[in-house]
Amino acid sequence: MERIGVVGLGYVGLPVALGFARKYPTVGFDISVKRVEELKRGVDRTREATPGELAETSLMLSSDPEELRGCTFIVVAVPTPIDSHRRPDLGPVESASRTVGRVLSKGAVVVYESTVYPGVTEEVCGPILEHESGLVRGRDFFLGYSPERINPGDKEHRLDTIVKVVSGENPEILDRVAGVYSAIISAGVHRAPTIKVAEAAKVIENTQRDINIALMNELAVIFERLGIETRDVLAAAGTKWNFLRFSPGLVGGHCIGVDPYYLTARAEQAGYYPQVILAGRRINDDMARYVAQRIAKALNLGGRLTRGAKVGVLGLTFKENVPDLRNSKVPDIITELREYGAEVSVHDPHATAAEARHEYGLDLVDEGSLVDLDVLVVAVSHAEFLSEGTAALCSRVRPGGVVFDVKSCMDRALLPAELRYLSL
């Protein structure tokens, strides 16, 4: 029987480790001692695992890499972010490879789930594993790749219910990787012919979504100038059977706003400079600025100054009903409004105050302080905000003020006439 090791216990690694622990002896490793201790106490800040699941699992949790020694099948599930220049940052996956290499056993398979551009597993990670272990890839140890498809906060599409793409560096290893994952994935596996194909499949999944959302965002800009509600247009167009149902909005998170840059970086290395993909990225990256500019314009048209305007923002996480702050675009709205001179406060019942301060230098406020506002920005459609209702949300704003409904989640029939309503 395989002995599984999972490196990285975040949004991706923890569900994978818990899944494997139901079938195999499994070690879950994370460099964060705090993270491991929290999990041992039954606390998962990502909310992907319940206290009951953590209490019942046979998963061995550790921040000591020596516990990975003797594992025959090691999964690497660490973040692959972009840097300040929007270039791939392979630092975490390279560091994880060094850690794994130092404890790698002969005959082991190392499978990467981290999102990378085609070639990273074999051309970057493989040599690091060889250097650190003194073993020879393809003879003493083997590589595989199986892209993660975890969707934070999604209780319907879970690890075991999503088809898993698997790959290996040769047919025998592909069979082995497929067999291990098949034991925990009820939806089945798809065997990619090569590791590079599996790597490419991952980056285009989110690149496709990014481009489609960029189209919706560009349409929203056009329709605003034409005086048309975007949601009304989409509702009408959506009656056609083959119309793709995407909506405008802020594009953040650890995947959609990041993965396209991995693909375009590799394309540029190959001498091709992508046009459509980067155009989509520019549109989506500019939406936070667009929201702030529309707010400033609406205040001006209402005879109010943006400087000194009291603005309340509801929601900071990158999507609804999750605590994940990674690559959220809401802080960009806040930064832009503050540059206009507005006094901006933000409340989010799902975000952690310490993380908001660490990641963005923002102090969360209690929702009770968001009253008597000049502007209310409903940035994230958390269930708590939806349950409050349109009328109650609008009551936070002074007559003549502005409400910006980023996700178009409010009931327009209940909007007070004295407020200026804006949406994407």
Tell me the Rg and the Dmax, in Å, that the Cα atoms of the stretch 4-196 produce.
15.6, 43
Cα extents of the stretch 362-424 along the three principal axes, largest first (Å)
32, 22, 19
Listing His190, His358, His254 from the residue with the fewest other Cβ atoms within 10 Å to the one with the most, what is the order?
His358, His190, His254
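Out of the chymotrypsin sites (Phe, Trp or Tyr not before Pro) in the stretch 182-243, which ones are loop residues according to DSSP with at most 12 other C-beta atoms within 10 Å? Working shown, then result.
Working: sites: Phe223, Trp241, Phe243; in loops: Trp241, Phe243.
Filter output for the stretch 182-243: Trp241, Phe243.
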Filtered trypsin sites (Lys or Arg not before Pro), the stretch 390-424: DSSP coil and at most 12 other beta carbons within 10 Å:
none
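Could you give the Stokes-Einstein D for the stretch 261-393 in µm² per second, using the C-alpha Kirkwood radius, 4 °C, 1.567 mPa s?
Numbers: Rh = 16.3 Å.
Answer, rounded: 80 µm²/s.
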Quick check on the stretch 5-49: what does the Kirkwood estimate of hydrodynamic radius come out to from the alpha carbon pairs, in Å?
10.5
Write down the Å³ per residue value for the convex hull defined by the alpha carbon atoms of the stretch 177-289.
154
Once each part is reduced to its C-alpha centroid, what is the distance from the stretch 155-217 to the stretch 297-336 in angstrom?
35
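At 27 Å minimum axial length over the Cα atoms and a Kyte-Doolittle cut of 0.0, report the qualifying DSSP H helices in the chain, or say none.
Values: long enough: 195-226 (47 Å, 0.35).
The answer, listed by residue number, is 195-226.
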Relative contact order for the stretch 4-196: what percent, with Cα pairs under 8 Å and sequence separation of 6 or more?
18
Amide H to amide H under 5 Å from Val313: which residues, 5+ apart in sequence or cross-chain, H placed 1.01 Å off N in plane?
Ser345, Val346, His347, Val377
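What does the charge dipole of the chain about its Cα centre add up to, to the nearest 20 debye, if the Cβ of each Lys and Arg holds +1 and the Cβ of each Asp and Glu holds -1? If you can, show how the numbers build up before the last one.
Values: 49 positive and 57 negative charges, 123 e Å.
Here the size comes out at about 600 debye.
Which loop-located chymotrypsin sites (Phe, Trp or Tyr not before Pro) does the stretch 254-321 contain, where loop means any DSSP state but H, G, I, E or B and the Cβ has at most 11 other Cβ atoms within 10 Å?
For chymotrypsin sites (Phe, Trp or Tyr not before Pro) across the stretch 254-321 that sit outside H, G, I, E and B with at most 11 neighbouring Cβ atoms in 10 Å, the list reads Tyr272.
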With springs only between Cα atoms under 10 Å, which of Thr50, Thr72, Thr115 fluctuates most in a Gaussian network model of the chain?
Thr50
Based on Cβ point charges of +1 for Lys and Arg and -1 for Asp and Glu, what charge dipole magnitude is obtained for the stretch 4-196 about its Cα centre, in debye rounded to the nearest 20?
160
Longest exposed-loop-site-free stretch of the chain, with GluC sites (Glu not before Pro), DSSP loop and at most 13 other Cβ within 10 Å?
157-417
Helix-only [θ]222 nm of the chain, DSSP H runs n ≥ 4, -39500 (n - 2.57) each, per residue, nearest 500
-11500 deg cm²/dmol
Only Cα pairs within less than 10 Å get springs; with that Gaussian network setup on the chain, which residue of Leu226, Leu370, Leu135 has the largest fluctuation?
Leu226
Using a Gaussian network model on the chain with a 10 Å cutoff between Cα atoms, which of Arg35, Arg69, Arg282 fluctuates the most?
Arg282
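Quick note: the coordinates plus some simple rules give every number you see, no bench work behind them. Please read all numbers here as calculations on a predicted model, not as lab measurements. Backbone-built Cβ (ideal geometry, glycine too); neighbour counts: all protein chains shown.
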